[in-house]
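The values are calculated or read from the model by the stated rules, or taken from the named source; none is laboratory data. Values in this document were obtained by computation on a predicted structure and should not be read as measured data. Backbone-built Cβ (ideal geometry, glycine too); neighbour counts: all protein chains shown.
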Amino acid sequence: MFSANKEWAFVILTCFFELCWVFGFTTASQWWHWVIVILIIIIDFTFLTNACKTIPTGTVYAIFSGVGAIGSLVIDMVVFGKEIKLIEILFVALIIIGVVQLKRADS
């Protein structure tokens, strides 16, 4: 039971670090910013790999990509003040639906 909870903690951490490096891609302007972004990506994929050790990869990926899609949209709106169009929300929803349906088809 503890191992499964630890793996879910890895899923949460990989989602968090994914949003960090996405934010870093947008804001990095100096070479050392890019070094930090690369380190965050390495940490992120370490957590992603650990999460996939006991949780099915499809499940982890569905959560990872869904959080990335929604989180990127929220970061654009909240942090950068971007006005989000309805069509963008539709396409993000399609991505999420697609990933969920891929997982369901795999079951």
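What is the residue count in segment 19-65 for residues that are farther than 20 Å from Asp76 by Cβ, touching a helix residue (DSSP H, G or I) at 6+ places or on another chain (Cβ under 6 Å) and of a type in the set (Phe, Trp, Tyr)? Let's see the steps before the verdict.
So the first thing to find is which residues in segment 19-65 are farther than 20 Å from Asp76 by Cβ, and the list is 30-32, 34-36, 38-39, 42-43, 45-63.
Within this subset, residues satisfying the condition of being touching a helix residue (DSSP H, G or I) at 6+ places or on another chain (Cβ under 6 Å) are 43, 47-48, 50-52, 54-55, 58, 60, 62-63.
Add one more test, that the residue is of a type in the set (Phe, Trp, Tyr), and what stays is 47.
Summing the residues that are farther than 20 Å from Asp76 by Cβ, touching a helix residue (DSSP H, G or I) at 6+ places or on another chain (Cβ under 6 Å) and of a type in the set (Phe, Trp, Tyr) in segment 19-65 gives 1.
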- Residue hits (segment 76-101; closer than 17 Å to Phe25 by Cβ and touching a helix residue (DSSP H, G or I) at 6+ places or on another chain (Cβ under 6 Å)) are Lys82
- So Leu94, is it part of a helix (DSSP H, G or I), modelled with pLDDT under 85 and hydrophobic (A, V, I, L, M, F, W, C): no
